[in-house]
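A.B. asks: Here it is: the structure, laid out below.
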Amino acid sequence: GQHESSPGTLAERTVESLAKYITNGKPKKIVVMTGAGISTSAGIPDFRSPDTGLYANLARLNLPYAEAVFDISYFRQNPEPFYTLAHELYPGKFRPTITHSFIRLLHEKGLLLMHFTQNIDCLDREAGVPGDKIVEAHGSFARQSCIDCSRPYPQDELKRHVDAKSIPRCDHCKGLVKPEIVFFGEQLPAEFFKNKWLPSQADLCIVMGTSLTVHPFASLPSMVREHRPRLLINKERVGGIGSGPDDVLLLGDCDAGVRKLAAACGWLDELEKLWAKT
Ligand code: CNA
């Protein structure tokens, strides 16, 4: 076939070849990039999957357009749809997936350079990935503040409001309080810009569960240097990954793809045990 004498780093563009590359004893730096698709099996809907995605199910919130629920100028006028959603999605209700545990396993093996995630669900932390190995590119529910005076707001107070489906307001200026998740029209956190060059240092990049449609996150995989393999584990092909001589595709469910890769590396038992303890 045309890949038999591939000019790339991998002998073949297969999971088996990739597993040999990962486990060949030479130190490896792996950058993982993820999105909502790694949390759907935990029960958290993604945005863009037809039928099951949030955007397909927002009609009940009477929004002018689906993205309005995460639009900062819309939120100023009408914070209720966002807080309805926050009530459903607030961390603590969901168990990390085996894909989250796989990212932790990479860390325990000393292979994880950084996990860049667009997710706001904190499931990577809950799976035991340390905070200094995570860039929450779109923020998270871990902090909240006033959208006018920027004063921080106590976590337990916010949680009370989210549970009660009421709208929290700043104690100082009465401005609206919002979890520090990045809305459309808002700047990404400084930690994203501080770390976004890291993919250029990676020996391997693993992209999972993202449509790669939100910028600037979507440009991270293109920062990986030539001849460094890129693996895509996703239901659909995205971001042009799959055409390079060292691109490997595992199309389908993330958890199944991660199990396949772990098995090829000889880590499957270890991974299942790690996940069972989570
Ligand atoms: P998206 O645009 O909804 O894309 C999800 C991608 O994952 C699609 O390509 C799907 O085909 C794919 N996918 C879905 N389920 C699976 C699965 N089980 N196995 C493999 N692939 C699957 O989501 P993105 O993350 O790319 O979009 C960026 C937004 C979504 C970010 O701003 C997030 O904050 C936001 N979001 C986050 C969460 C969360 O924190 N869990 C949930 C919903 C949306």
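The values are calculated or read from the model by the stated rules, or taken from the named source; none is laboratory data. Keep in mind that what you see is a predicted model, and the values were worked out from it rather than measured. Neighbour counts are summed over all protein chains in view; Cβ atoms, including those assigned to glycine, are modelled from backbone coordinates with ideal geometry.
A.B. asks: Can you name the residue in region 212-228 that is farther than 22 Å from LEU251 by Cα and within 16 Å of the ligand (Cβ to nearest atom) and is also surrounded by the most Cβ atoms within 10 Å (Cβ to Cβ) among such residues?
C.D. replies: Checked region 212-228; the qualifying residue surrounded by the most Cβ atoms within 10 Å (Cβ to Cβ) is PRO216.
A.B. asks: Further question: Restricting to region 1-35, name every residue that is at pLDDT below 95, within 29 Å of VAL135 (Cβ to Cβ) and out of contact with any strand residue (DSSP E or B) (no Cβ under 8 Å at 6 or more places or on another chain).
C.D. replies: Within region 1-35, GLY8, THR9, ASN24, GLY25, LYS26, PRO27 meet the criteria.
A.B. asks: Does VAL69 qualify as being within 22 Å of GLU136 (Cα to Cα) and assigned by TED's automatic domain parsing to the domain that holds GLU126? Show your work before the answer.
C.D. replies: Working: within 22 Å of GLU136 (Cα to Cα): yes; assigned by TED's automatic domain parsing to the domain that holds GLU126: no.
Considered against the rule, which asks whether it is within 22 Å of GLU136 (Cα to Cα) and assigned by TED's automatic domain parsing to the domain that holds GLU126, VAL69 comes out as no.
A.B. asks: On to the next question. Output the number of the condition that PHE102 fails; it satisfies all remaining conditions of (1) under 28 Å from SER145 (Cβ atoms); (2) more than 10 Å from the ligand (Cβ to nearest atom); (3) not in a loop (DSSP other than H, G, I, E, B).
C.D. replies: With (1) under 28 Å from SER145 (Cβ atoms); (2) more than 10 Å from the ligand (Cβ to nearest atom); (3) not in a loop (DSSP other than H, G, I, E, B) applied to PHE102, the lone miss is (1).
A.B. asks: For region 140-152, what are the residues that are farther than 17 Å from GLY37 by Cα and either touching a Cys at 6+ places or on another chain (Cβ under 9 Å) or surrounded by 17 or more Cβ atoms within 10 Å (Cβ to Cβ) (or both)? Walk me through how you get there before you give the answer.
C.D. replies: Taking region 140-152 first, the residues farther than 17 Å from GLY37 by Cα are 141-152.
Within region 140-152, PHE141, ALA142, GLN144, SER145, CYS146, ILE147, ASP148, CYS149, ARG151, PRO152 meet the criteria.
A.B. asks: If we scan region 59-67, do we find a residue that is modelled with pLDDT under 95, more than 16 Å from the ligand (Cβ to nearest atom) and in contact with a Phe, Trp or Tyr (Cβ under 9 Å, 6 or more places away or on another chain)?
C.D. replies: Pass one, region 59-67, residues modelled with pLDDT under 95: 59-67.
Among the residues that remain, those that are also more than 16 Å from the ligand (Cβ to nearest atom) are: 59-60, 62, 64.
Now restrict to residues that are in contact with a Phe, Trp or Tyr (Cβ under 9 Å, 6 or more places away or on another chain): 64.
Yes: one or more hits.
A.B. asks: Failed condition for GLU157, given (1) away from the ligand (no atom under 14 Å from the Cβ); (2) among the acidic types (Asp, Glu); (3) out of contact with any strand residue (DSSP E or B) (no Cβ under 7 Å at 6 or more places or on another chain); (4) touching a residue at least 12 places away in the same chain (Cβ under 8 Å), with all others met?
C.D. replies: It is condition (4) that GLU157 fails.
A.B. asks: Just to be sure before I move on: is LYS235 on the phi < 0 side of the Ramachandran plot, modelled with pLDDT of 95 or more and within 17 Å of the chain's Cα centre (by Cα) in the structure I sent?
C.D. replies: Details: on the phi < 0 side of the Ramachandran plot: yes; modelled with pLDDT of 95 or more: yes; within 17 Å of the chain's Cα centre (by Cα): yes.
Yes: the conditions hold for LYS235.
A.B. asks: Mind checking which residues of region 200-211 are within 16 Å of the ligand (Cβ to nearest atom) and crowded, with 22+ Cβ neighbours inside 10 Å?
C.D. replies: CYS205, ILE206, VAL207, MET208, GLY209, THR210
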